[in-house]
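The values are calculated or read from the model by the stated rules, or taken from the named source; none is laboratory data. Bear in mind that the values here come from a model prediction, so they are computed numbers and not experimental data. Using ideal geometry, Cβ is built from the backbone for each residue, glycine included, and neighbour counts are taken over all protein chains shown.
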Amino acid sequence: MFLKLGTGLLTLLGLLLFSVAGQTKAPATEIHFTDITEQAGISFKHVSSPEKKYIVESMSGGVALFDYDNDGYLDIYLVNSLTVDLVRAKQKTRSLLYHNNGDGTFSDVTDKAGVGDIGWGMGVAIGDYDNDGFDDIYITCLGPNHLLRNTGKGSFTDVTQRAGVADPRWSAGASFVDYDNDGKLDLFVSNYVDFDVNALPEFGKGRSCQFKGIPVQCGPRGLKGAGDSLYHNNGDGTFTDVSKKAGVADPDGYYGLGVICSDFDEDGLVDIFVANDSTPNFLYHNNGDGTFKEIGFASGTAVNENGSEQGSMGVTLGDYDHDQKLDLFISNFDDDYNTLYHNDGKGSYTDVSYAAKIAAVSLPYVGWGAKFFDYDNDGWVDLLVVNGHVYPQLPTYRQRNFVHHNNQDGTFTEVGAQLGASFAEKRTGRGAAFGDLDNDGDVDVVINNLDGPAQVLRNDGGNVNNSILIKTIGVKSNSDGIGARVKVVAGSLTQIDEVHSGDSYLSQSDLRLHFGVEKATKIDLVEVHWPSGAVDKVAGVGVNRILTIKEGQGEVAQKNFKNVVPTVGKPN
Amino acid sequence: MRYFPSTFFSLLLLVSVFQSPQDSLRQHSEAAEAQRRAGELAAAEREYTAVLAEGYGKLGKVYSAEKKYQQAIEVLESATLYRPDSQETLIDLAIAYFDAEQYEKALPPLRRAVSANPQSAGAHHMLGKSYFMLGDFASSTAELQTALKITPNDYDIAYTLGLAYLKQRQFAPAKQIYQSMLNQFGDRPQLRIVFGRAYRETGFLAEALEEFKKAVALDPHFPRAHYYLGLTYLLKDGAARLPDAGQEFKIELESHPEEFFANYYLGIVYLIDRKWDLAIPLLEKAVRIQPANSDPYFHLGQAYQATGRYPEAIEVLRKSIALNPELSHNDYQVATAHYRLGQSLIKNGQREAADKELQQAAELKSKSLKRDKEENELLNVANLREQNNKLPEMGASEGVIAESNSPDVRTAADLQNGELYYSKVIATAHNEIALLRADRADFKSATEHFALAARWDSQLQGLNFNWGLAAFKAEMYKDATSPLEKELLANSENIQAKQLLGLSYFMLENYAKTSELLSDVIAAKPANVGVYYTLALSLIKEGKKESADRVIQQMVVLGGNTPELHILFAQAYEGEGETSKALEELQLALSLNSKTLMVHYYSGLVYVKLGKLAEAAKEFESELTLNPGNVQAKYNLGFVMLAEQNTAAGIKLLREVLQVKPDFADAHYELGKALLQKGDIKDAVADLELAVKLAPEKPYVHYQLGRAYLAAGRKTEGEIHLEISRQLKAKERLQTNP
């Protein structure tokens, strides 16, 4: 979450960084994000204590966008938490699942789905762990986590105990990942602090309980950390904890939050990245024999360019400079900058945050949910960062969110204020998930705000440019195609992306990959590199449609976007 | 053999030069000398003890001034031993503990001082400060209030009391105190600075800013006023006030261009602003001003690295690490320095060296987290108060980075002279006390004082010989060897020292050394038959029978048919296994002089070898009748008693032996073994643990301890010692059967 100052002024000074604002290349002005929360029927309100006397009351909650009933529309799952007082009073809160009605409205199906009572929820990851064609939910909690198996009939069954993936610690990030390429999704879980609600650190007392002279909640630095977990999928509905054997158990107890799994060094094996709060990040290199080697420092991703560990929260990957390599972005605590690591290839990264002009603006903000996404379909991924402080004692507690527009020259310009009133509002954002809720060809955003109502932000005008959504279905690989790397060539634009389970901050975005192609009317090539090693290529696809590619079969379906004119290609 | 004479006269000269006639050190020195001359030895010793108390106290002050806090503590603790009721010493000791950040230890001497004098403002003040540092602000406030009542005009007490209030978030009484200070001393910039720092350290950042602004308004050129203002902008508002902070640092530099902190922090502001070219000269200047401070090098490294000056970055980062490798410094700065160094090495094409640095950085970052957790855990688990409080002293430098405030050259030289002078005073007083104690045959105590004298002045005339002699007479043979070796190094012709050392080595069963040394001694044809006897015995033990014969011949010529001669013959026979002849020789010795020491003892040993335990016991008893202090005889008698199943008597004897000679490994072993057999497992373990500690190389000791542990249910430890025993035995076998 953050690196607290205490009296260490040098730490502050080492972290503060200023720069002149970047030159703005204005995005298309007709695009804006409209807050449709209320009209969509989303009434979820995240619960947290007003004072946030304990760190555990500041860190929830995730959000997931996924199509639980396979009707072609993204549904929304919002994770709720508890407070110390509610726990003591033995009261409950509800996490909510909203079904997308396909007409801009959503229906609360929580009770029917049986996903409401999850305890002190933190985050969520989606994956079809049993390859039955229906996406399952993994929810991280303070206390035992939950694996909810999708029955395929609009409901979920809690199979946590049988599966053996409860992890009773304070879990935060999670990601389904097929680390051994056996076609079955395994599960990585990051844990944060070894926290006991019955032995609470005293508010404002102690070195890590002061911020700029103000008494605040304690931690995480100084609190006992919790290790991380890797569960191997046995293929029979059960998992085996292989954390120690695999070398990812984190015996030092770093404060794990965001998780993202990707083939960082492009050796055909998926690696694991953990954004650690106030401690160096982990990059676990997959050795291919069931074990991993931690190479954070050697890769340059453990700390920032100054050598300082940051208060890392959310994490996302995207090829912002079209060099066909996925770069890494991490959101951070205030008086510290959000960090963009450029992928130099062969597992080596360079902190280019200042050069990319995303650092200076972020200094007074605490960043959480974040994702590379192309909001204006110009073929270059932009970056959205959700902000909000952890200390309600500060005047800067509520904060606005950022949209960094990609200037297509290696730099970004923060343009949030130009994208609608919702980006001028100050809230306490946490999780953020991205996906085309209305299948109209541009990416919408759902934000879970701490101790407040969620926000559904509809992208209006992003589809002024053309795009394509690609849904992957694995056969030898896992059925979601998680881990598949997709290349899209449209004229002079060549883009890549990867299917990820769990990213941003404790959240799940659309598993379908979105590629803006500006004014291109044809996709010259779609190339899918599956985790199994198989490659599928589809050529000459029209834009403004959802393209489904099945492993070994190539294109198996197309569906036009709603309210957008399709171009070349087969009619819908 | 006699001791070298007193050296105290020279001390008197020394004291007369350095001390005024009114000085109590001089007074005690003169009184001691007068009493000694008058033969009033007890009174003389009291005066020497007073000199020690005074000398240690003064040396403690010198060490404190030199910031050698641990040494200060050590000597001030000694001072309190010699004068337990001195308030001044107790407070000085507490100050030394305080300066060494051992706040808890500062409390007992202060409580003693307060108990002796409840009106001691100094003791109450230090108690207040110590409680403050321990985080007990309520107690701190109470003590400081008392101190302030006793001395209402004490500026330092008032200031600290204000701080204690602020720590308890009691703003009003703190402000009131500070206002009264303003009323008393006038509105001065230095006071505003002091108040500002107090507010800043206690988290009242807005109030701190106001005070620093007032200081600036009172005197825009007041040293560090703008610097403090700039720093507080950053602390309060972070990045948002960076330009304001930079501006203040610039103003500070206009008035005080050589001010380290202003250069340093303005450099960092530019660094943060990524204005490398502006940052570099400021940080380079900071390095010039404080070349031994690791911090400006650290930041300069970043600037050089950012501007592609990798070799220079590598150099300054290495310097930063070398100057302060302490992990805890500046929030674990050294870990980051290793990382930056690694990055610069990569850019410089030194990948292998870089990887080492990156690995080091990773390990140090991990350690830093562990430290933070341990510190936090300690606070929580033990319900301890936070102990990282800062007490910004009014005259002290900025707390964030320790300014070099070492004393100037002249003061340093004065302190060095003081250290030397008081060391000599202490050494001489210890020497005199040792001589007095030796004169009354209290050799053990004399040995201790000679050792202390040597610690403070090893060059004191005659010291090493006296020390060795006292130790020898106290039967502390091991302790005797070192000073006697030193004496012989300095004075190789000192036959007395050589003889003492030879005899000491004999007692330590180092026969080779004994033979070497005593061969030199008898070359001077001494009249003491004992020397010949000892030498002959050593040679026999060494198996040099021909040489031994020659020495025995000389002994016969010198002393005739003596009992010692027959003891020697007995030992020679015994060594060759001819036990009956050995016993005959011992009887002959007795027939010449029935009171000859050691004859019965040796007879006892021979009987033990023969398995005649009853006879052996009788002999040891006879020896003890002649010489009740013969520890070996008592030990062997105890051993025989145990062997004869007279366990109670055996245990009693061994306990008596250990009272006299607590480091007697075999006695602990036999006692432990007996206790174990008796079922007294707890005591058995204790004695066998001591035996292992004293003789870790002996397998049988580990074996018994292992058994004792097993009997006590300490399975793992038991198995460990049984295994050690097995390994030692195997090693012994290898050595005996190569």
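Results, tabulated for the structure shown:
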| item | result |
| --- | --- |
| Answer residue from region A:271-300, given it is in contact with a Ser or Thr (Cβ under 7 Å, 6 or more places away or on another chain) and not in a strand (DSSP E or B) and is nearest to the other protein chains (Cβ to nearest Cβ) among those | A:300 |
| Any helices (runs of 4 or more DSSP H) falling wholly within region B:35-140 and containing at least 1 residues that are at pLDDT 95 or above and under 29 Å from residue B:409 (Cβ atoms) | B:41-65, B:69-82, B:87-99 |
| Hits in region B:322-344 (condition: among the charged types (D, E, K, R) and either within 17 Å of residue A:350 (Cβ to Cβ) or more than 8 Å from every other protein chain (Cβ to nearest Cβ) (or both)) | B:326, B:340 |
| Answer residue from region B:574-609, given it is of a type outside the set (A, V, I, L, M) and buried (at least 20 other Cβ atoms within 10 Å of the Cβ) and is farthest from residue B:640 (Cα to Cα) among those | B:585 |
| Restricting region B:186-202 to residues that are surrounded by fewer than 24 Cβ atoms within 10 Å (Cβ to Cβ) and more than 40 Å from the chain's Cα centre (by Cα), the residue that is nearest to residue B:220 (Cα to Cα) | B:189 |
| Region A:154-190: number of residues that are surrounded by fewer than 24 Cβ atoms within 10 Å (Cβ to Cβ) and among the small types (Gly, Ala, Ser) | 6 |
| Tally, over region B:85-131, of residues that are surrounded by fewer than 20 Cβ atoms within 10 Å (Cβ to Cβ) and under 14 Å from residue B:146 (Cβ atoms) | 6 |
| Among residues of region A:406-429, those that are under 16 Å from residue A:372 (Cα atoms) and either among the β-branched types (Val, Ile, Thr) or under 22 Å from the mean Cα position of the chain (by Cα) (or both), counted | 7 |
| Hey, residue A:491 at pLDDT 95 or above and surrounded by 21 or more Cβ atoms within 10 Å (Cβ to Cβ) or not | no |
| Region A:256-307 - residue that is charged (D, E, K, R) and over 25 Å from residue B:336 (Cα atoms) and, of those, surrounded by the most Cβ atoms within 10 Å (Cβ to Cβ) | A:271 |
| Exclusive hit being surrounded by fewer than 24 Cβ atoms within 10 Å (Cβ to Cβ) and among the hydrophobic types (A, V, I, L, M, F, W, C), set A:209, A:141 | A:209 |
| Any chance residue A:61 is crowded, with 18+ Cβ neighbours inside 10 Å, under 21 Å from the mean Cα position of the chain (by Cα) and over 30 Å from residue A:236 (Cα atoms) | yes |
| Residue identified as within 30 Å of residue B:233 (Cβ to Cβ) and touching a residue at least 12 places away in the same chain (Cβ under 8 Å) among A:284, A:320, A:341, A:337 | A:337 |
| Scan of region B:489-517 for residues that are touching a residue at least 60 places away in the same chain (Cβ under 8 Å) and surrounded by fewer than 22 Cβ atoms within 10 Å (Cβ to Cβ), ordered by number | B:496 |
| Top-ranked residue of region B:205-219 - restricted to ones that are within 12 Å of residue B:229 (Cβ to Cβ) and over 46 Å from the mean Cα position of the chain (by Cα), ranked as surrounded by the fewest Cβ atoms within 10 Å (Cβ to Cβ) | B:217 |
| Which listed residue is closer than 30 Å to residue B:461 by Cα, among the β-branched types (Val, Ile, Thr), in contact (Cβ under 8 Å) with a residue 12 or more places away in the chain and not in a loop (DSSP other than H, G, I, E, B), from B:540, B:522, B:552 | B:522 |
| Listing of strands (runs of 3 or more DSSP E) fully contained in region A:341-414 that carry 1 or more residues being touching a strand residue (DSSP E or B) at 6+ places or on another chain (Cβ under 8 Å) and away from chain B (no Cβ under 14 Å) | A:367-373, A:382-387, A:402-406, A:412-414 |
| Index of the failed condition, residue B:375 passing every other in (1) touching a Leu at 6+ places or on another chain (Cβ under 9 Å); (2) acidic (Asp, Glu); (3) within 12 Å of chain A (Cβ to nearest Cβ) | (1) |
| Flag for residue A:409 being among the charged types (D, E, K, R), buried (at least 21 other Cβ atoms within 10 Å of the Cβ) and modelled with pLDDT of 95 or more | no |
| Matching option when the condition is modelled with pLDDT of 95 or more and β-branched (Val, Ile, Thr), among A:20, A:84 | A:84 |
| Positions within region A:318-348 being in contact with a helix residue (DSSP H, G or I) (Cβ under 8 Å, 6 or more places away or on another chain) and surrounded by fewer than 21 Cβ atoms within 10 Å (Cβ to Cβ), in sequence order | A:347, A:348 |
| Condition met for residue A:317 (aliphatic (A, V, I, L, M), in contact with a Leu (Cβ under 7 Å, 6 or more places away or on another chain), within 22 Å of residue A:430 (Cα to Cα) and more than 12 Å from every other protein chain (Cβ to nearest Cβ)) | yes |
| Top-ranked residue in region B:538-585 [being small (Gly, Ala, Ser) and under 16 Å from residue B:511 (Cβ atoms); ranked as modelled with the lowest pLDDT] | B:575 |
| Residue B:486 vs. criteria within 17 Å of residue B:464 (Cα to Cα), among the basic types (Lys, Arg) and buried (at least 21 other Cβ atoms within 10 Å of the Cβ) | no |
| Residues located in region A:303-314, provided they are farther than 17 Å from residue A:273 by Cα and either facing chain B (nearest Cβ under 7 Å) or hydrophobic (A, V, I, L, M, F, W, C) (or both) | A:306, A:307, A:308 |
| Unmet criterion (only one of (1) within 11 Å of chain A (Cβ to nearest Cβ); (2) buried (at least 17 other Cβ atoms within 10 Å of the Cβ)) for residue B:359 | (2) |
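Residues checked against (1) within 14 Å of chain A (Cβ to nearest Cβ); (2) in contact with an Asp or Glu (Cβ under 7 Å, 6 or more places away or on another chain); (3) not hydrophobic (A, V, I, L, M, F, W, C):
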position	(1), (2), (3)
B:231	yes, no, no
B:236	yes, no, yes
B:241	yes, no, yes
B:251	no, no, no
B:254	no, no, yes
B:258	no, no, yes
B:271	yes, no, no
B:280	no, no, no
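A quick yes/no check of all residues on (1) outside any helix (DSSP H, G or I); (2) at pLDDT 95 or above; (3) over 17 Å from residue B:425 (Cβ atoms):
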| residue | (1), (2), (3) |
| --- | --- |
| B:453 | no, yes, no |
| B:459 | yes, no, no |
| B:467 | no, yes, yes |
| B:482 | no, yes, yes |
| B:488 | no, yes, yes |
| B:493 | yes, no, yes |
| B:496 | no, no, yes |
| B:501 | no, yes, yes |
